[in-house]
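Encoded as structure tokens, the structure appears first; notes follow it.
The values are calculated or read from the model by the stated rules, or taken from the named source; none is laboratory data. In this text the structure is predicted, and so the values were computed from the model without any measurement. For neighbour counting, all protein chains shown are included, and Cβ atoms are generated from backbone atoms with ideal geometry for every residue, glycine included. Heavy atoms of the whole protein, side chains included, go into the accessibility calculation; ligands, DNA and RNA do not. Shrake-Rupley method; radii C 1.70, N 1.55, O 1.52, S 1.80 Å.
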Amino acid sequence: MPSHKKISRPPSEQGKGKSFSRLYASLNHITNQFRSISEEKEAQYIFLSLLVEQIRVGILSIDQHGKVHLINQTMKGFLTNPNIKSLDELEISDKELAMAFRDAQAGDSQVIRKAIDGKITPLTILASEISIRDNRFKLISAQDIRNELEANELEAWQRLIRVLTHEIMNS
């Protein structure tokens, strides 16, 4: 069984001579830089993971084969089966939503109505696409727009009441 040394353990400089001391010092410096970069990347990953979980917009990332790579808690709340691993699995439990996700094109926006917890909920679906190292991913966001629609409806009723009040008062 081959033994692999971890890069995190710096080589020893003791008793090897001046040239080896400089070489080991350079290798230790490079090792420390790699460690620092790795720790920074890990911190960024943790930060972005927490950020994705905190936002109130559902986020789903799928590859060109329909495999799920990222899904946050908000998106799971919109799904009948929150443990899906692919769009094919989603299609079994929620054909309409799976088709909306499959058909979503980058830059397009669509509104669908979905039953969630016994209530019809309007969701706006947005999609974008990204390529990372020769892999294409579709990023889909879903947002409950019920509050915005209710606010618009309330505003429309208020305008209608103002117009009717004005007409009644002037007649």
Next item on the list: Provide the gained length on full extension for the span K119 to Q158, in nm with one decimal, where the gain is 0.36 nm per separating residue minus the Cα-Cα distance.
Entry: 11.5 nm
Next item on the list: Keeping the other protein chains in place, figure out the carbon and sulfur percent of the accessible area of the chain, with a 1.4 Å probe.
Entry: 56 percent
Next item on the list: Could you order E89, E167 so the one with the most accessible surface comes first? Probe is 1.4 Å.
Entry: E167, E89
Margin query: Run the helix sum for the chain: -39,500 (n - 2.57) per DSSP H stretch of 4+ residues, divided by residue count, reported at 222 nm to the nearest 500 deg cm²/dmol.
Written below: -16500 deg cm²/dmol
Checklist line | Relative contact order (%) - criterion: Cα under 8 Å, at least six apart; region: the chain | finding: 15 percent
Next item on the list: Could you give the spread of the C-alpha atoms of the range 71-110 along their three principal axes, from largest to smallest, in whole angstroms?
Entry: 27, 20, 14
Checklist line | Extension gain, L149 back to A25 (0.36 nm per residue minus Cα-Cα distance, nm) | finding: 38.2 nm
Check: Taking only protein heavy atoms and a 1.4 Å probe, what accessible area per residue, in Å², does the chain have with all protein chains in place?
Finding: 76 Å²
Next item on the list: With no solvent and one equal point scatterer per Cα, compute the Debye intensity ratio I(q)/I(0) for the range 17-171 at 0.10, 0.16, 0.21 Å⁻¹ and report its log10, rounded to two decimals.
Entry: -0.56, -0.94, -1.32
Notebook entry, point to check: Gaussian network model of the chain, Cα springs within a sub-10 Å range: biggest mean-square fluctuation belongs to which of D94, D108, D63?
Noted result: D108
Item checked: Inter-label distance, nm, simple model (7 Å from Cα along the C-beta direction), E96/S109 -> 2.1 nm
Checklist line | Extension gain, I130 back to S171 (0.36 nm per residue minus Cα-Cα distance, nm) | finding: 8.7 nm
